[in-house]
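Notes follow the structure.
The values are calculated or read from the model by the stated rules, or taken from the named source; none is laboratory data. Keep in mind that what you see is a predicted model, and the values were worked out from it rather than measured. Note that we place each Cβ from the backbone using ideal geometry, even for glycine, and neighbour counts take in every protein chain shown.
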Amino acid sequence: MERGWPMSQRKREGLMNRSSIPVRHGWPIALGLIGLAMGGLVLGGYPLGMLEARRDLLWGRYEIRVSGYPAPGVTLAALILPQEHGIRVRWGGCLAGPWRREYVRGYNTVAFPAIERRWPGLLALHGFR
């Protein structure tokens, strides 16, 4: 008897290719994994942004995250806020995908209230609200 004959028999019957996933089930599994990964990327940015904002606030760093093409008032605020208040404005780049947009939204949902508590009305003054 040949060693590992059940695998060899399956290969002879055409149910298996080189991997251990049956051929007739390979494409739906692969497409499902791709969809799960894409959904995880879109949903994963928001909680990660919230966690990083909490970490930065614990360390005493006040930051605002911005992505996409910046508005003229925001570029002026990026020069004023670090000098006068110690708030850093960080850009993520002009081309922001869905993961980056969710990350920025998650970060700012934690950072904006903390900045408003310390400096009331500052974000509205510089066009962030």
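From the list A77, A96, A111, the lone residue that is surrounded by 12 or more Cβ atoms within 10 Å (Cβ to Cβ) and part of a loop (DSSP other than H, G, I, E, B) is A96. Looking only at residues that are touching a strand residue (DSSP E or B) at 6+ places or on another chain (Cβ under 9 Å) and either at positive phi or at pLDDT below 90 (or both) in region 50-67, which one is surrounded by the fewest Cβ atoms within 10 Å (Cβ to Cβ)? Result: S67.
Do we have Y69 as within 26 Å of P47 (Cα to Cα), aromatic (F, W, Y) and in contact with a Cys (Cβ under 9 Å, 6 or more places away or on another chain) here? Can you show your working first?
Numbers: within 26 Å of P47 (Cα to Cα): yes; aromatic (F, W, Y): yes; in contact with a Cys (Cβ under 9 Å, 6 or more places away or on another chain): yes.
Taking the combined requirement at face value, the residue satisfies it.
If I ask for residues that are in a loop (DSSP other than H, G, I, E, B) and closer than 17 Å to H126 by Cβ, which ones from region 80-93 would you list?
Initial filter on region 80-93 (in a loop (DSSP other than H, G, I, E, B)): 85-86, 92-93.
Answer for region 80-93, where residues must be in a loop (DSSP other than H, G, I, E, B) and closer than 17 Å to H126 by Cβ: H85, G86.
Screening the candidates R105, R117 for the property of being out of contact with any Pro (no Cβ under 7 Å at 6 or more places or on another chain), surrounded by fewer than 17 Cβ atoms within 10 Å (Cβ to Cβ), part of a helix (DSSP H, G or I) and without any contact (Cβ under 8 Å) to a residue 12 or more places away in the chain yields one hit, R117. Would you say V74 is among the β-branched types (V, I, T), under 20 Å from G49 (Cβ atoms) and modelled with pLDDT of 85 or more? When the stated conditions are applied, V74 does not pass them.
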